[in-house]
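Have a look at the structure below before the remarks.
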Amino acid sequence: MRNKEIIIGFVVGIIANTFGTLLYILLFSNMGVAETLKTAVVQDHLGSLLALGAILNLVAFFGFLRIKRDLRARGVMIATLLTALIILFYKIF
C-alpha cells in the first residue's frame, strides 16, 4: 500500500513536469513544440525548459500535503529529484 502511494505521486510528478514544459512552450514560444525542443537542444536550453516545467510539481506537492497524502507528496519529490538529476547529467555530458 505504501509503495503504491509513492508510485502514484511519482507518476503525477512526471505528468505535471511534462504538462508544465508543454504549457511553457505553448505560452511563450512562437514556434511549435517540436521546433522549440529542437532549438532548445541546439542552443543548450533543454535543461532550462525541463526546470521551468518542474514548477508545476510545486502545485502537486503542496496539493498532496494539503490533503494529507504525504506519501504521494514524497513521490512527487522523487520525480522532481529525478528531473534535477537528468538536467545535471545533460549539463555535464
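The values are calculated or read from the model by the stated rules, or taken from the named source; none is laboratory data. This structure is a prediction, so every number in the text was calculated from the model and none was measured. Note that each Cβ is placed from the backbone with ideal geometry, even for glycine, and that neighbours are counted across all protein chains shown. What goes into the accessible areas is simple: the full protein's heavy atoms, side chains included, and nothing from ligands, DNA or RNA. Shrake-Rupley method; radii C 1.70, N 1.55, O 1.52, S 1.80 Å.
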Item to complete: Scan region 69-90 and give yes if some residue there is farther than 16 Å from Ile8 by Cβ, aromatic (Phe, Trp, Tyr) and open to solvent by 40 Å² or more (accessible area, probe 1.4 Å), otherwise no.
Response: yes
Practice prompt. Kindly indicate whether any position in region 4-15 is among the basic types (Lys, Arg), at pLDDT 95 or above, surrounded by fewer than 12 Cβ atoms within 10 Å (Cβ to Cβ) and assigned to a helix (DSSP H, G or I).
Written response: yes
Worksheet item: How many of the residues in region 39-93 are closer than 13 Å to Ala16 by Cα and in contact with a Leu (Cβ under 7 Å, 6 or more places away or on another chain)?
Response: 2
Worksheet item: Looking only at residues in region 24-38 that are polar (S, T, N, Q) and surrounded by 13 or more Cβ atoms within 10 Å (Cβ to Cβ), which one is modelled with the lowest pLDDT?
Response: Ser29
Item to complete: Inspect region 44-52 for any residue being modelled with pLDDT of 95 or more and either in contact with an Asp or Glu (Cβ under 9 Å, 6 or more places away or on another chain) or polar (S, T, N, Q) (or both) and give the result as yes or no.
Response: no
Item to complete: State whether the residues of region 39-50 include one that is within 12 Å of the chain's Cα centre (by Cα), outside any helix (DSSP H, G or I) and crowded, with 18+ Cβ neighbours inside 10 Å.
Response: no
